[in-house]
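The values are calculated or read from the model by the stated rules, or taken from the named source; none is laboratory data. On a predicted model such as this, the values are computed, not experimentally measured, just so you know. We place every Cβ from the backbone using ideal geometry, glycine too, and count neighbours over all the protein chains shown.
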Amino acid sequence: MWRKLVAGGLAVLSGVSMAWAVAGGSGTAHEPWTATGRALAMPTAAVLPPVDGAEGRLVEGLADLPSAGRIRVPPSDPVHRTLAWLEIVTQDNETVSCSGSIAGDGVVLTSAHCISGAKRVRVVPGKDGASEPWGSQYGASVSVPSGWGFGLPADYAQYDIGLVILPDRLLTNKTGTFPGLLSAMPAGAFRSNATEVAALGFPGECVESSCSNEAPVTALSGKFAWALHAGFARAGESFIYPDFPGSPGMSGAPIIRERDMAIVGVVDSALFITTRGVRINADSQEFLQTACDSFPVCSIAFANPWFRLALPGIAGDTHATPPMLTGQALYCAKEVAFVEAFTEKEIKFAHSMRGLLETDIDPAMLLDPNLKALFVQQVGAAVGDALEVKALESPDARFDPFHSSLDAGIDDILAGLVAMNDAIATGNLVSMLAAIQALGEANLHIMAAQGQYPSIDPVCQK
């Protein structure tokens, strides 16, 4: 659930001999949205031929989850060919996969953590199991914001967006580009159930509780395109949080506004029950435009600025007494309030846990009083945040199974945090590492809770 960011190539990205700032001077951390590009290794620049695989026609893939509305995107859907499965070889020669979208001519939009440490990236549009009906092509370059990878993960996560530049437009001329334009929407637009969003990508792993009978547990690198639908989302200045659980392989997937397919964000990571994405806002849009403009092959189109219209009746009577809620209105108000409160506390808790699990544990930390005190403070904050999530009460019976499963997972997490605190107090490095491993294993209960999360009743989303 809480993963380490792929950071193997951050030093390479900042190296003078291999990287260049394509706009705004040197591209140092002082200008974090400066586009910083780097060439990739390309076995060939040619478009590789299509691959016909029977697997794509036989394997059903992941099961629909009641919390998320996971729906397979069939190859017959025109959007399918514009979704890119990225096969990435890191600087350490590890092969991983991410998702992306053909957001323009000669370019793929994805996450910075997917490509910043890449040695080689193969772009496969419309992958369907073993089938690669449109062929594939190796990327020529990558570009990420210069602020990516500097400082703590929580500080640079907002820059987790990037581009893979292809050597030419031959592949994207075959597939066409994603049907929706990149759109910078105001954060307030996501605080309404009417703003339905979805993420389109290649989720990899399903666990026993979420695999269909027809399909075995899939490999970590998903090879089938799925749409993860959310009926509720919230957003801040830099991030968007749809209410569907994340999955390995979805990093870099476009987050879209369903009614017009506008790309409003890019999946960054899974938190707890929700997913986090980097928003398309004024800063990220400027980065994407500047990065693309530096490569003659690249072209990206953006939607016109989106403006929210205030209703005159609301503007003229902001102090009116709200009506008493009864019946379905009261029921829906409780559900919406719960999901909002849960999402807010979940995000806080997930960030606390990520800070712990991404800390490099070594004996020096236990010997340094300042580092030791800081880590104890992090553990205490995570305990407090976990208790806040557990203290939330179900708004109605629909959420009771979810709460029961969730409490089991949080209890395991709390036990791991207590063991970690004791290990710090005694200076026992082995015990601390064991406690961290136990926290990762508690993820199994959290995954089980995901499968029972009912989200907002559809009745309340109309």
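Just a few scattered comments:
- Residue 89 in contact with a Lys or Arg (Cβ under 7 Å, 6 or more places away or on another chain) and aliphatic (A, V, I, L, M): yes
- Qualifying position, being closer than 30 Å to residue 244 by Cα and either surrounded by fewer than 24 Cβ atoms within 10 Å (Cβ to Cβ) or at pLDDT 90 or above (or both), among 35, 63: 63
- Where helices (runs of 4 or more DSSP H) sit wholly within segment 106-225, those with at least 2 residues that are at pLDDT 90 or above and among the hydrophobic types (A, V, I, L, M, F, W, C) occupy 112-115, 170-175.
- Search result, residues across segment 240-259 that are more than 13 Å from residue 203 (Cα to Cα) and either outside the structural domain of residue 110 (by TED's automatic domain parsing) or touching a strand residue (DSSP E or B) at 6+ places or on another chain (Cβ under 9 Å) (or both): 240, 241, 242, 243, 255, 256, 257, 258
- The set of residues from segment 425-440 being touching a helix residue (DSSP H, G or I) at 6+ places or on another chain (Cβ under 6 Å) and surrounded by 14 or more Cβ atoms within 10 Å (Cβ to Cβ) comprises 429, 431, 432, 435, 438, 439.
- The set of residues from segment 394-403 being touching a residue at least 12 places away in the same chain (Cβ under 8 Å) and either under 18 Å from residue 356 (Cα atoms) or not hydrophobic (A, V, I, L, M, F, W, C) (or both) comprises 394, 395, 396, 398, 401.
- Residue 301 vs. criteria under 28 Å from residue 142 (Cα atoms), at pLDDT below 90 and in the same structural domain as residue 166 (by TED's automatic domain parsing): yes
- Residue tally, condition within 16 Å of residue 175 (Cβ to Cβ), of a type in the set (D, E, K, R) and under 22 Å from the mean Cα position of the chain (by Cα), over segment 105-156: 3
- Residue within segment 419-428 that is part of a helix (DSSP H, G or I), among the small types (Gly, Ala, Ser), at pLDDT 80 or above and under 27 Å from the mean Cα position of the chain (by Cα) present: no
- Segment 258-283, subset closer than 14 Å to residue 79 by Cα and part of a strand (DSSP E or B), residue modelled with the lowest pLDDT: 262
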